[in-house]
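Trainee: Following this message is one structure expressed as structure tokens.
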Amino acid sequence: MNDQELQKIYKIYKVPDSTGKTRIYMLPSEFIQNTINAFNTSATTATGYASTPPTGAYFAPPNGRTASGRTTACARRSTTLSGARGSAAST
């Protein structure tokens, strides 16, 4: 994912939770869950992940591995995005 693709999905998402409260996120729920999965690693599983391996787009750990098995030791440490504008999206 390049900076332009990340900027495109960086917007306001209003998502109702199980109690009916509206939660506000700046990235799609799939992206957030994949990022959580990417950081949840395990040295004792065949995949290297403690839970479901990430699929699709996600932020990878800076010194970890990606779903394709590539290491991310040379990953950038920061990215600058413009703030979300316009009407809120819902997922």
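The values are calculated or read from the model by the stated rules, or taken from the named source; none is laboratory data. Note that this is a predicted model, so its numbers are computed, not measured. Positions of Cβ are backbone-derived with ideal geometry, glycine not excepted, and every protein chain shown enters the neighbour counts.
Trainee: Considering only the stretch 38-50, I want to know if a residue exists there that is part of a helix (DSSP H, G or I) and not aromatic (Phe, Trp, Tyr).
Mentor: Yes, there is a match, as at least one residue in the stretch 38-50 is part of a helix (DSSP H, G or I) and not aromatic (Phe, Trp, Tyr).
Trainee: While we're here: Residue 20: at pLDDT 90 or above and on the phi > 0 side of the Ramachandran plot, yes or no?
Mentor: The answer is yes for residue 20.
Trainee: Hey, another quick one. Being in contact with a helix residue (DSSP H, G or I) (Cβ under 9 Å, 6 or more places away or on another chain) and modelled with pLDDT of 85 or more narrows it down to one of 38, 43, 57, 67, so name that one.
Mentor: 57
Trainee: Is there any pair with a first residue in the stretch 48-59 that is without any contact (Cβ under 8 Å) to a residue 12 or more places away in the chain and a second that is exposed (fewer than 15 other Cβ atoms within 10 Å of the Cβ) whose Cβ atoms are under 9 Å apart and which are 6 or more apart or on different chains, and what are they?
Mentor: From residues that are without any contact (Cβ under 8 Å) to a residue 12 or more places away in the chain, the pairs are 50/40; 50/42; 50/44.
Trainee: In the stretch 1-37, which residues are assigned to a strand (DSSP E or B) and β-branched (Val, Ile, Thr)?
Mentor: Passing the criteria: 15, 22, 24.
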